[in-house]
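Report on the structure given below.
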Amino acid sequence: MKYSIVLPFLATTVLAAPVEQRQAACNVPTTFPSTSNSKLPDPFKFFDGRKVETKADFECRNKEVNAAVQAQELGILPPKPATVTASGTSSLSITASEGGKSVSFSVSIKKPSGSGPFPAIIAYGGASIPVPAGVATITFNNDQIGAQQGGNSRGQGKFFDLYGSGHSAGALTAWAWGVDRVIDALELVDTGINPKKVGVTGCSRNGKGAFVAAALVPRIALGLPQESGSGGAACWRISDSEKAAGKNIQTSGQIIGENVWFSKNFNTFATKSSTTATDHHQLAGLVAPRGLLVIENEIDWLGPVSTTACMKAGRLIYKALGVPDNMGFTGSGNHNHCSFPSNQQAELTAFINKFLLDKSDSTANIEKGPAADVSKYIDWTTPTLT
Ligand code: MCU
């Protein structure tokens, strides 16, 4: 009798421990494959070939994907600086210090009337989506953190004042670091904003930034990248195949010469995108299972087929995790760049209501875009992760 009670307990303890340890360790590699493959990389296979079978496996897979994206494309996102302080409410001033250096910047907070705490949307350079009543807007001057004034602006801005102009980060990563500090500040100071209900948006180049911030900053509850196109919602490989088919579309080979959004380490991959270890469907995968609504347009340069097929692949990752409704894609119609059209309003409202305002709106099956056959670009199947 005595043993029948004790033994199952021991067996559970003894058997469970190694599994937990393996998951905690995650074995994140420091070098990544560069074998050419024109199909989108398999989100459900580790770089060493093992299959991703469980949600816990996928968390580990995301760690290695994150490391690969930073190493090959984005540059390294530094951890939280040694000291972060903040003060103010409607103008929130933030100081980050590391290694004897300090930088300060501020964001403005426009709050709804009434009593909070309120959810908020961090808007790169100001919002170009309608922010509903009940949600605050935090205006973030991303250019001040990392300049984006063409090739000669590399290494300029407050991020680089702190970490050095030779730091590997491209502007997108520098901005994500700024967003990370804004959340630190919201946790430090009672501004009336709930730090657990923060979304991020930006359009076009700033849409690439909003996507990368949602991917790299796990405290972001909802990503709302708008018309990010190449470097955001488009997959490098699909854009290359579209370019080869004669489309006027931005590719990685072009983007690295236009501006400093990416790390200089991306230069070697950008001209051969098929050799990157990851692609941008996995940028969506890094946001998963958190909320993500990808808002696009049908402007050729942004790559409508590329963004649609790439984000369909991204939604397969959400599906595998059992949360297909946590990601949506709305890309139909052509309109002026960054002028939010009314035909995307319902999707935006549903996502903001569900992920920031705790309402019970349905975000099921939001996948609107031009015809784009994702099966042309993938050679893997989508498991149901246990
Ligand atoms: C879509 O975002 C960019 C695009 O990547 C650039 O090639 C183009 O010059 O500018 C777009 C943009 O930021 O427009 C405001």
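The values are calculated or read from the model by the stated rules, or taken from the named source; none is laboratory data. The model shown is predicted, which means the values in this text are computed figures rather than measured ones. Quick reminder, even Gly has a Cβ in these numbers, built from the backbone with ideal geometry, and neighbours come from all protein chains shown. Protein only, heavy atoms only, side chains kept; ligands, DNA and RNA dropped before computing areas. Shrake-Rupley method; radii C 1.70, N 1.55, O 1.52, S 1.80 Å.
Overview of results
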{"item": "Total residues in region 191-206, condition away from the ligand (no atom under 16 Å from the Cβ) and in contact (Cβ under 8 Å) with a residue 60 or more places away in the chain", "result": "8"}
{"item": "Among the candidates GLN149, GLN144, residue that is within 16 Å of the ligand (Cβ to nearest atom), surrounded by fewer than 19 Cβ atoms within 10 Å (Cβ to Cβ) and either under 28 Å from PHE340 (Cβ atoms) or under 15 Å from the mean Cα position of the chain (by Cα) (or both)", "result": "GLN149"}
{"item": "Elements of type strands (runs of 3 or more DSSP E) in region 89-181, at least 2 residues being at pLDDT 95 or above and of a type in the set (Phe, Trp, Tyr)", "result": "118-124"}
{"item": "Looking only at region 182-221, and only at residues there that are assigned to a loop (DSSP other than H, G, I, E, B) and β-branched (Val, Ile, Thr), the one that is surrounded by the fewest Cβ atoms within 10 Å (Cβ to Cβ)", "result": "VAL189"}
{"item": "Breaking point among (1) in contact with a Gly (Cβ under 6 Å, 6 or more places away or on another chain); (2) near the ligand (Cβ under 7 Å from one of its atoms), for GLY209", "result": "(2)"}
{"item": "Enumeration of residues in region 31-46 that are open to solvent by 50 Å² or more (accessible area, probe 1.4 Å) and either at pLDDT 95 or above or of a type in the set (Val, Ile, Thr) (or both)", "result": "THR31, THR35, SER36, ASN37, SER38, LYS39, LYS45"}
{"item": "LEU293 being more than 16 Å from the ligand (Cβ to nearest atom) and more than 18 Å from ASN66 (Cα to Cα)", "result": "yes"}
{"item": "Enumeration of residues in region 226-265 that are part of a helix (DSSP H, G or I), away from the ligand (no atom under 14 Å from the Cβ) and within 20 Å of ALA169 (Cα to Cα)", "result": "LYS264, ASN265"}
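Residues checked against (1) over 21 Å from LEU348 (Cα atoms); (2) touching a Leu at 6+ places or on another chain (Cβ under 9 Å); (3) open to solvent by less than 10 Å² (accessible area, probe 1.4 Å):
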| residue | (1), (2), (3) |
| --- | --- |
| THR276 | yes, no, yes |
| ILE295 | no, yes, yes |
| ASP300 | yes, no, no |
| CYS310 | no, yes, yes |
| ALA313 | no, yes, yes |
